[in-house]
Amino acid sequence: MKTIKLFKKSLLLFLITGMLVSCKNGKEDKDSAQLEKQDTTETKKYSTWMADSEIKRNPKGWTLDFNEKPKWEYTHGLIMTSMEKLYKETGNEKYLDYIKNFADFMVEEDGSIKTYKKSDYNIDRVQGGRFLIGLYKETGREKYKKAVEMLRDQMREHPRTSEGGFWHKKIYPYQMWLDGLYMASPFLARYAKKFDEPELFDDVANQISLVNKYHYSEESGLFHHAWDESKEQRWADPDTGLSSNYWGRSIGWFSMALVDVLDFLPRDHPEREKIIKIAQKLADGILKYQDETGTWYQVLDQGEREGNYLEASASSMFAYFLLKGAQKGYLSEAHKQAGIKAYEGILEEFIRKNDDGTISLTKVNGVAGLGGDPYRDGSYEYYINEIIRDDDPKGVGPFILASIYYENLNQ
């Protein structure tokens, strides 16, 4: 009996000790997990964090841009371009897989693309050809090359102004928009380099030269959103053919086009230095209107006017342009510092951390254009009253690209 009592006491002591040790270890494990989670959050790169968030929100790439059914759009191409750059930076196959899964859903074996119509002659539609060139280079799959060639063919026949400038769309005759420079020029420059069509570089340079000739204002240091050679549109000044306002994202598109075209334009091309000087002029111009937060307004030069707001897509595009331009040697140290201020301002003003571990980019102007039905008159009131959205790809893509260059600053 005495032996049994001693055994019970020993067993009870063993159990209590085990419970105490278990509780202690459990607390330590929990604390360790919390610390690991905290460290991961604090040290995670925003480039991959945003890309992973976008993949979680849109596991099927065609749903990007709030689409309920598949559509071949420049917004998808923009995200795929940012994912391609991230894949090259990290070597992480999940970004390549995301691009491939989207492309394989949209591109048929014969190279045809779901929803794409060449006869629309819409310059927005060719932007996706850029990442398809990269995908063809990566995989060697002929269907990607066939799709690229189809988009290239559109630009061979695309309607032009009297001096060779691409119309924005067939339904917008004689009009050059800043947006269009990003949609076609980097694709065409990349095509020229990959498939050895050197005369195409001259065409790309001419598009930039025409925008510099007609869209730039010496007085403001900025580029107007659009120019109508026919001067027939209600939004166009009857003397100059220019739209009246400086929409931030339109200038952002042009800024990205400049530094991206220079990736492919030969170093000995006679127009290369001219394009670099245009980039420098553009950088000087936007710095005059940079807000104290480091970001920019929807209508760039009217920050104090009622209804205007700090806008995330233009700010992300400018951050990318300034940081990449400086890293490549096109822009100055002052431009680089402005790019750093811009990027850090974006983190402060526009990035939201969500409960599910993702992040969001807020305050993105959803859309803006000119003409059409209902008619968009390009007024200040028009630009400030278009929809504002979170996680719009027109902001997310440039933010990922800007993040990559910011994160590489000290490497």
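Tell me which residues, restricted to region 290-330, are assigned to a helix (DSSP H, G or I) and among the aromatic types (Phe, Trp, Tyr). Scanning region 290-330 gives PHE318, TYR320, PHE321. Answer yes if at least one residue in region 154-166 is touching a residue at least 40 places away in the same chain (Cβ under 8 Å), crowded, with 21+ Cβ neighbours inside 10 Å and outside any helix (DSSP H, G or I), and no otherwise. Yes, some residue in region 154-166 is touching a residue at least 40 places away in the same chain (Cβ under 8 Å), crowded, with 21+ Cβ neighbours inside 10 Å and outside any helix (DSSP H, G or I).
Cβ separations smaller than 6 Å between residues 6+ apart or across chains give the following pairs from region 210-236 residues that are without any contact (Cβ under 8 Å) to a residue 60 or more places away in the chain and over 18 Å from LYS274 (Cβ atoms) to residues that are of a type outside the set (A, V, I, L, M, F, W, C) and part of a helix (DSSP H, G or I): TRP227/TYR214. In region 88-98 there is no residue matching the filter, namely being within 14 Å of the chain's Cα centre (by Cα) and touching a residue at least 60 places away in the same chain (Cβ under 8 Å).
Considered as a group, the residues in region 206-252 that are among the small types (Gly, Ala, Ser) and part of a helix (DSSP H, G or I) include one that is nearest to PHE321 (Cα to Cα), and that residue is GLY252. Scanning region 132-171 for residues that are among the aliphatic types (A, V, I, L, M) and more than 30 Å from TYR375 (Cα to Cα) returns LEU132, ILE133, LEU135, ALA147, VAL148, MET150.
Got a number for residues in region 379-401 being in a loop (DSSP other than H, G, I, E, B) and under 30 Å from GLU89 (Cα atoms)? Within region 379-401, residues that are in a loop (DSSP other than H, G, I, E, B) and under 30 Å from GLU89 (Cα atoms) number 3.
Of all the criteria given as (1) aromatic (Phe, Trp, Tyr); (2) over 25 Å from LYS169 (Cα atoms); (3) crowded, with 20+ Cβ neighbours inside 10 Å, the one not satisfied by TRP72 is (2).
For region 325-341, state whether one or more residues are among the polar types (S, T, N, Q), more than 19 Å from the chain's Cα centre (by Cα) and within 24 Å of GLY285 (Cβ to Cβ). For region 325-341, residues among the polar types (S, T, N, Q), more than 19 Å from the chain's Cα centre (by Cα) and within 24 Å of GLY285 (Cβ to Cβ): present. For region 87-129, filtered to residues that are in a helix (DSSP H, G or I) and of a type in the set (A, V, I, L, M, F, W, C), the residue that is nearest to LYS45 (Cα to Cα) is LEU96. Screening ASP373 against (1) outside any loop (DSSP other than H, G, I, E, B); (2) more than 18 Å from ASP65 (Cα to Cα) leaves a single unmet condition, (1). Number of residues in region 107-153 that are surrounded by fewer than 18 Cβ atoms within 10 Å (Cβ to Cβ) and of a type outside the set (S, T, N, Q) equals 15.
No lab work stands behind these numbers, since they all come straight from the coordinates. Please read these numbers as outputs of a predicted model, since none were measured by experiment. Don't worry about glycine lacking a Cβ; one is built from the backbone with ideal geometry, like all the others, and counts go over all protein chains shown.
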